[in-house]
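Since every read-out is calculated from the coordinates, none of them should be taken as a lab result. The structure displayed is predicted, hence computed values, not measured ones. Methodologically, a virtual Cβ is constructed for each residue, glycine included, from the backbone with ideal geometry; neighbour enumeration extends over all protein chains shown.
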Amino acid sequence: MQLVTPTNVIAAVLTLLPYLAVAFFPQAMADRVRTFPLWLRLACPAALCIPYVIVTGGAGFFRWNWLAIYAFLPVAVALLLWNAERTSAYQQSLPAEPPSPYRASRGNWRNFLVLAILGLAVDLRWFEHAWPPHLAIFNKILLLDAGIYGFVLFRQLEGTGFDLRLRLHDIVVGLRECAFYTPIALALGLSLGFLHFHPGWPAPSRAALAWIFTFFFIAVPEELFFRGWLQNLIEERIGRYGALLLTACLFGLAHFNKQTTSFNWRYVLLAAIAGIFYGRAWRAKRRVGASAITHATVDAIWSLWLR
């Protein structure tokens, strides 16, 4: 099956457009969505089903039940987060509870239900068989788009730090945390037999492309989910250190089935430790870009020399 076709390219542009538009113009996009009437704000994410129709329509994979899922799930996410926003606003108006700098980011069951659905759908590959072979990446980005619309544009969750207009501080912090984690990963990974050193120097273009691809399609989506949303939402409830450790553990467990059909405890352990340093990078200035730099650099080193 030919993967690069005009229709797939169009679908890719439509899929990436919401992600990149909010990543580089977060405030402008949020202000724009805020001007919509409520019914339109709730209905907008249903348009995320369009790439599914384009990709599967000509490949013989189109199914009405999958169309319904991709049309209604993003709307359900927006509806749940709208309700969560209203509940949060009401709780903030109560005089009995003292104010907190992260009060607006406190998560309730609706926030965590959305995160559980989106996270499990990606990690357990619930929807991947809806797509033609080798095109399931569309599923991951479309679910990311649904979360971005719900949390960043609709609920406008504070402190996510989803702004990929990188600053010098993002680069410094991101590389610093990578430097802290790398010797730990090498010592532990090599001793456990999880990492295997492959000497050689890849072409600069290959290394650059590997890093860029990892940054946009692996690091940023995972860092936005685990740090910008999950760690952010639970930080006010259990504190900075508790949120850092809990999110790192959940991040590690999300890798239990990677590269194996059984529980890959070595991967879980190394990913959980990495999650501590990714979380440290994010919370330094609450910037997804910083932790994504750490994440992408660690993954690039691993894929080029240690896989």
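Temperature 20 °C, viscosity 1.002 mPa s: under these conditions the Stokes-Einstein estimate for the stretch 151-307, based on its Kirkwood radius over C-alpha pairs, is 135 µm² per second.
Residue by residue, the stretch 239-253 carries 3J(HN,Hα) couplings of x, 4, 6, x, 5, 4, 6, 5, 5, 4, 5, 5, 4, x, 5 Hz when phi is fed to the Karplus relation 6.51 cos²θ - 1.76 cosθ + 1.60 (θ = phi - 60°); x denotes Gly or Pro.
Kirkwood hydrodynamic radius, the stretch 157-198, all distinct C-alpha pairs: what's the number in Å? Don't jump to the answer; show the numbers that get you there.
Values: mean 1/r = 0.0787 Å⁻¹.
Computed over the stretch 157-198, the radius equals 12.7 Å.
Taking the Cα centre of the stretch 6-154 as reference, the dipole from Cβ charges on Lys and Arg (+1) and Asp and Glu (-1) amounts to some 160 debye.
Run through the stretch 163-271 and list the trypsin sites (Lys or Arg not before Pro) located in a DSSP loop whose Cβ has at most 15 other Cβ atoms within 10 Å. Please report the intermediate quantities before stating the final value.
Numbers: sites: Arg165, Arg167, Arg176, Arg206, Arg227, Arg237, Arg240, Lys258, Arg266; in loops: Arg165, Arg167, Lys258.
When the trypsin sites (Lys or Arg not before Pro) of the stretch 163-271 are filtered for loop state and at most 15 Cβ neighbours within 10 Å, Arg165, Arg167, Lys258 remain.
Taking amide hydrogens as placed 1.01 Å from N in the peptide plane, the amide H of Asn108 sits under 5 Å from that of no residue at least 5 positions away in sequence or on another chain. Computed from phi, the 3J(HN,Hα) profile of the stretch 124-133 under the Karplus parametrisation 6.51, -1.76, 1.60 (θ = phi - 60°) reads 9, 6, 4, 9, 5, 6, 6, 10, x, x Hz, with x in place of Gly and Pro.
For the chain, the dipole from Cβ point charges (+1 on Lys and Arg, -1 on Asp and Glu) about the Cα centre works out to 260 debye, to the nearest 20. A straight chain from Phe197 to Val172 at 0.36 nm per residue would run longer than the Cα-Cα distance by 6.4 nm. Cα extents for the stretch 213-294 along the principal axes, largest to smallest and rounded to whole angstrom: 36, 30, 16. Just the number, please: Stokes-Einstein D of the stretch 6-154 in µm²/s, Kirkwood Rh from C-alpha pairs, 25 °C, 0.890 mPa s. Approximately 149 µm²/s, per Stokes-Einstein. Entry note: the chain has Rg to Rh equal to 0.97, where both radii use alpha-carbon atoms and Rh is the Kirkwood radius. Taking other residues whose beta carbon is less than 15 angstrom from the beta carbon of Trp82, and scoring Lys, Arg as +1 and Asp, Glu as -1, yields +4. What the pair-distance distribution of the stretch 1-70 shows, using all Cα-Cα distances binned every 10 Å from zero, is 18, 40, 30, 12, 0 percent.
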